[in-house]
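Every read-out reported here was derived from the displayed coordinates using simple, explicitly stated rules and does not represent laboratory data. The model shown is predicted, which means the values in this text are computed figures rather than measured ones. Reconstructed Cβ throughout: ideal geometry from the backbone, glycine too, with neighbour counts over all protein chains shown.
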Amino acid sequence: MRFAVTGLGVLSPIGNGEEAFFAALASGRSGVTHDAPGAESGFPFAARIGDFEPRRHIAPAAMRRMPRLSQLTVVAARQALGQARAPYDPSRVGVVLGTGLGTLDETMSFVKGVVQDGPEAASPMTFPVSVMNAAAGQLALECGLRGVNSTVNHRDHSSLSALSMACDLLELGRADALLVGGVDELSLPVHHAFMLMGGVSRTGMRPYDLGRDGLVPGEASALVLLEREADARARSARIRAIVAGRGESGEARPRVGWGHAESWPEAARAVREAAGDAAEIGWIAGSGNGTSLDERELETLAAGLGRRVPVSSILAQIGESFSSSMLRVLAGIYALERQMIPGTSGLERAPAGWDADLVRQPRAARLDAVLVPSFAQGGANLAVRLERPLS
C-alpha cells in the first residue's frame, strides 16, 4: 500500500514554516550559531529554532500547562493540518510522534525536586508534562484528535520509526489520517549527552569532509499529515509526496557511536528493500553528520543500491538531533517538488578512495524518487522511499 503526504509543518534552525525552510535549503543557509547553551563547558556550536512565538498559535490558558516541547509540536501540527484540510472524523485522525529525549528539562526538574525535597514537594503539574508522551497527548487535546495516539522513542531512529509505524496503522485500517513526525529540543543536558557520546565538533559540522571533527547538536519539530494514497486521491487532495517503500532491519552496533565494522549487511538489506527498483532513486537525503557514520553510511548505500546515486546531507545546516530524520523527509519533499538536490554545507574535500557522488552545491536534477536512510546507534536500520506523485 502507498501513503500520501497531504500537509506538512516545520520549525527548524533554518526557518519556521514550509517556505522559510525550503528557501534555506535552496540557498544553503546554515542555522548553526555560536550561542549554544552550555558554551562555557566547551560546546561553541548549536542549531536552535529561532523566532518561535507560540502565543500567536496557542491560547494563554493552554500555554500555562504546556512545556516548550509540546508548544513546538502543536504549532508544527497546526501548520500540517491547515495545509491538508482533511475532512475526516476526528475519532479517525491520530498522532504518531517520535522523540529521542522528550521533555528532558521538565523531567530533570521533577526528579531533582523529589530527590532534594521529597515527594511531597513535587508539583502535581510537573509530572504530566515530564513524561515521554506528553507532547503527543497535548497535541491531540489542542487539535481535538481522538484517534490513535502513540509516541516512539528510538534515539536517532525515532521520527522515521514513527513514519513507518504510521504506515502500518493506516494499512491496518486503524486510522484514516495521522499526524506523524518528530520533535526534540536543545538543552544543557543534551549538550552533555553529546559530549559523553563523543564526536562533538569544535569547528562546525562538515559532513563527508576530510577535515570533519564531529557533529553539532540541533533541535527540530517536523510533522506531516499522512493518509492512504487512494483516500487522498478520492478527495482530490494536494499530494506533496508518496511514501512508496520501506525497509527495516537490525544488527549489533554500539549503543554509543556507530562502530567501525567493515560492513553493515542488514543495513544494506533495509536500503535495498526500501529502494525497490534502485534505478528510480535520484537522490539520497543522507544522514552524514561529520562522524564515523559518514563513511559507514556511504559504504552501506553503495552495497544496498549497487550503483552510485547522488547523496548529500543537510545536517550542517540543521544540526544533529534525534528528530532530524524528519527534516530530511521534508527535504526529500522539497527535492521532488522543486527538482533540486540540496547541497552539503561544509563539504570541501572528500577523503580519497570514497566512491560516491557527493553533492556539494545545490544541483538541478530530474527526480522521481528519493531515499531517506537512518542508521541508528545501537543497530536499528530504516530507509524510506519517497516518490513524486503522478497526476
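Couple of notes before you dig in:
- For R246, nonlocal amide neighbours, meaning residues 5 or more places apart or on other chains whose placed amide H falls under 5 Å from its own, are R385.
- Rounded to the nearest 500, the helix-only mean residue ellipticity at 222 nm of the chain stands at -10000 deg cm²/dmol, with each DSSP H run of n ≥ 4 adding -39,500 (n - 2.57).
- Note, ³J(HN,Hα) from phi for segment 374-391, Karplus 6.51, -1.76, 1.60, rounded to Hz, x at Gly and Pro: 9, 10, 7, 4, x, x, 7, 10, 8, 9, 10, 9, 9, 10, 6, x, 9, 6
- Here the chain carries DSSP beta bridges of which approximately 70% are antiparallel, counting only pairs with both residues inside.
- Using C-alpha pairs below 8 Å separated by at least 6 residues, the relative contact order for segment 244-387 is 37 percent.
- Exposure proxy ranking, count of Cβ atoms within 10 Å, fewest first, for R78, R155, R385: R155, R78, R385
- For segment 311-325, 3J(HN,Hα) per residue [Karplus equation, 6.51 cos²θ - 1.76 cosθ + 1.60, θ = phi - 60°, Hz, x = Gly/Pro]: 9, 8, 10, 8, 5, 5, 8, 10, x, 9, 9, 5, 10, 5, 5
- Using a simple spin-label model with pseudo-atoms 7 Å out from Cα toward Cβ, S292 and A365 lie 2.8 nm apart.
- Selected from L172, L293, L11 as most flexible by GNM, with the chain as the system and alpha-carbon contacts under 10 Å: L172
- Dipole magnitude for the chain: about 800 debye, using +1 per Lys or Arg Cβ and -1 per Asp or Glu Cβ, origin at the Cα centre.
- Once Rg and Dmax of the Cα atoms in Å is calculated for the structure shown, the corresponding label among (i) 24.8, 97; (ii) 23.3, 70; (iii) 19.8, 63 turns out to be (iii).
- Two-site label geometry, A234 and Q339: point separation in nm, points 7 Å out along Cα→Cβ: 3.3 nm
- Mean separation of Cα contacts under 8 Å, 6 or more apart, over the residue count of the chain: relative contact order %: 23 percent
- Couplings 3J(HN,Hα) for segment 7-19, derived from phi with the Karplus relation 6.51 cos²θ - 1.76 cosθ + 1.60 (θ = phi - 60°), are x, 8, x, 8, 10, 8, x, 10, x, 9, x, 4, 5 Hz, where x marks Gly and Pro.
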